[in-house]
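Undergrad: My questions will all concern the structure given below.
The values are calculated or read from the model by the stated rules, or taken from the named source; none is laboratory data. All figures in this text were calculated on a predicted structure; none of them were measured in a lab. Backbone-built Cβ (ideal geometry, glycine too); neighbour counts: all protein chains shown.
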Amino acid sequence: MRLPRFLAPALTAVLLSSPVAAAETATGALWELNLAAFGRSGPSYPASEETQFDLIPLPIPVYRGKVLRLFETNEKPIRGQIFRRERVRLDIDFDLIFGSDSEDIEARRGMPDLDLLLEFGPQLEWQYVEGGWLDTNSYLALQLRGAWSWDGLDPSWQGVVFSPEFKITRDLGLPRQQLKLRVTPTFATSNYMDYYYGVAPQFATAERLAFDADAGYLGTDVTLSIRQPLTDRLEFFAGLRQGFHRGASNDDSPLFTDSTTTAFYGAFSYRLWESKRRGQNRL
């Protein structure tokens, strides 16, 4: 059983439209219910020249527990906090990467679809600049995640991903108003690379030769995003993500069709309801 097609854009909206606290120490309600509308246009998978567009509204629950945080931030929808000391914190990091129908991708026609990927593992983050140049904060996060693909309720192991991320944030004056720049190079094991770029012999054609992917460098994403509150309940979020895959370990795969990709996304989020009980402070 495959996941319904509409779940991919729905989960994407969850990832990119949830509001965040104005500061690391701030807390909102313990529970919130938000209504979000999300749109995205971007590559079907890393280094793909094919693009797909998603547009969907959906409700989002937000939970701010002391350890578990659900959909509190636009970039980390699920987080397990382990500890925080001064400018260093250790979390359990979750990421969702959404699949595509191979029949919609010329290079993959006749091959199995790309299923939803769930990735999670430890993230060690260090804030190495506070209030530096132009009043910005700078962070380095070391992320190590295992990946599972999900065909319905049947998970399959797809390898390990390592992503050192450099992040710069600047508050723009209003509560929750923030500009953010992230640079994220990604490295992965051979089975993870094979998920995207491998061609098994039974799926080889005259134009698409069999290919066994190698471990190594996948590419670097540069993401610029802005969060803009419109009212005390309504918030707008928009971003541009540029993917650079030149020099990637598997750039000779027949499924590697573009060395530079661009994704645009935007979302509105409206807080429908919040609990009287306040959320737990961050660790």
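Undergrad: Does Thr220 count as surrounded by 15 or more Cβ atoms within 10 Å (Cβ to Cβ), polar (S, T, N, Q) and over 18 Å from the mean Cα position of the chain (by Cα)? It would help to see each step written out before you state the result.
TA: Values: surrounded by 15 or more Cβ atoms within 10 Å (Cβ to Cβ): yes; polar (S, T, N, Q): yes; over 18 Å from the mean Cα position of the chain (by Cα): no.
Judged against the criteria, Thr220 is not a match.
Undergrad: Another one. Among the residues in segment 215-225, are any in contact with a His (Cβ under 6 Å, 6 or more places away or on another chain) and in a loop (DSSP other than H, G, I, E, B)?
TA: Keep residues of segment 215-225 that are in contact with a His (Cβ under 6 Å, 6 or more places away or on another chain), which gives 219.
Okay, now just the ones that are also in a loop (DSSP other than H, G, I, E, B), so none.
Within segment 215-225, not a single residue is in contact with a His (Cβ under 6 Å, 6 or more places away or on another chain) and in a loop (DSSP other than H, G, I, E, B).
Undergrad: Looking for whichever is crowded, with 17+ Cβ neighbours inside 10 Å, touching a strand residue (DSSP E or B) at 6+ places or on another chain (Cβ under 9 Å) and modelled with pLDDT of 95 or more here; the options are Phe237, Phe244, Phe211. Which one fits? Quick ask: steps written out before the conclusion?
TA: On the way: Phe237 fails: modelled with pLDDT of 95 or more; Phe244 fails: crowded, with 17+ Cβ neighbours inside 10 Å.
Testing whether each residue is crowded, with 17+ Cβ neighbours inside 10 Å, touching a strand residue (DSSP E or B) at 6+ places or on another chain (Cβ under 9 Å) and modelled with pLDDT of 95 or more leaves just Phe211.
Undergrad: Then there is this: Tell me whether segment 170-189 contains one or more residues that are part of a loop (DSSP other than H, G, I, E, B), closer than 26 Å to Ser100 by Cα and out of contact with any Phe, Trp or Tyr (no Cβ under 6 Å at 6 or more places or on another chain). Before you say what the answer is, go through the steps one by one.
TA: Kept after step one, since they are part of a loop (DSSP other than H, G, I, E, B), are these residues of segment 170-189: 172-177, 189.
Of the ones still in play, those that are also closer than 26 Å to Ser100 by Cα are 189.
Keeping just the survivors that are out of contact with any Phe, Trp or Tyr (no Cβ under 6 Å at 6 or more places or on another chain) gives 189.
Looking through segment 170-189, at least one residue is part of a loop (DSSP other than H, G, I, E, B), closer than 26 Å to Ser100 by Cα and out of contact with any Phe, Trp or Tyr (no Cβ under 6 Å at 6 or more places or on another chain).
Undergrad: OK, next. Taking the condition of being of a type outside the set (A, V, I, L, M) and out of contact with any Lys or Arg (no Cβ under 9 Å at 6 or more places or on another chain), how many residues in segment 242-266 meet it?
TA: Number satisfying all stated conditions: 14.
Undergrad: Identify all residues within segment 200-210 that are more than 16 Å from Glu49 (Cα to Cα) and either in contact with a Pro (Cβ under 6 Å, 6 or more places away or on another chain) or part of a loop (DSSP other than H, G, I, E, B) (or both); write none if there are none. I'd like the intermediate steps shown before the answer.
TA: First, pick out the residues of segment 200-210 that are more than 16 Å from Glu49 (Cα to Cα): 200-207, 209-210.
Within segment 200-210, Ala200, Ala204, Thr205, Ala206, Glu207, Leu209, Ala210 qualify.
Undergrad: Just a yes or no: is a residue in segment 74-88 in contact with a Phe, Trp or Tyr (Cβ under 8 Å, 6 or more places away or on another chain), among the polar types (S, T, N, Q) and at pLDDT 85 or above?
TA: Within segment 74-88 (the criterion being in contact with a Phe, Trp or Tyr (Cβ under 8 Å, 6 or more places away or on another chain), among the polar types (S, T, N, Q) and at pLDDT 85 or above), the answer is no, since none of the residues qualifies.
Undergrad: Could you tell me whether Arg85 is more than 29 Å from Arg271 (Cα to Cα) and loosely packed, with under 14 Cβ neighbours inside 10 Å? I'd like the intermediate steps shown before the answer.
TA: On the way: more than 29 Å from Arg271 (Cα to Cα): yes; loosely packed, with under 14 Cβ neighbours inside 10 Å: yes.
Judged against the criteria, Arg85 is a match.
Undergrad: Collect the residues in segment 129-188 that are farther than 21 Å from Leu90 by Cα and in contact with an Asp or Glu (Cβ under 6 Å, 6 or more places away or on another chain), keeping them in residue-number order.
TA: Ser149, Trp150, Asp151, Gln178
Undergrad: Here is a further query. Exactly one of (1) touching a residue at least 12 places away in the same chain (Cβ under 8 Å); (2) touching an Asp or Glu at 6+ places or on another chain (Cβ under 8 Å); (3) more than 30 Å from Lys276 (Cα to Cα); (4) of a type outside the set (A, V, I, L, M) is unmet by Arg109. Its number?
TA: (1)
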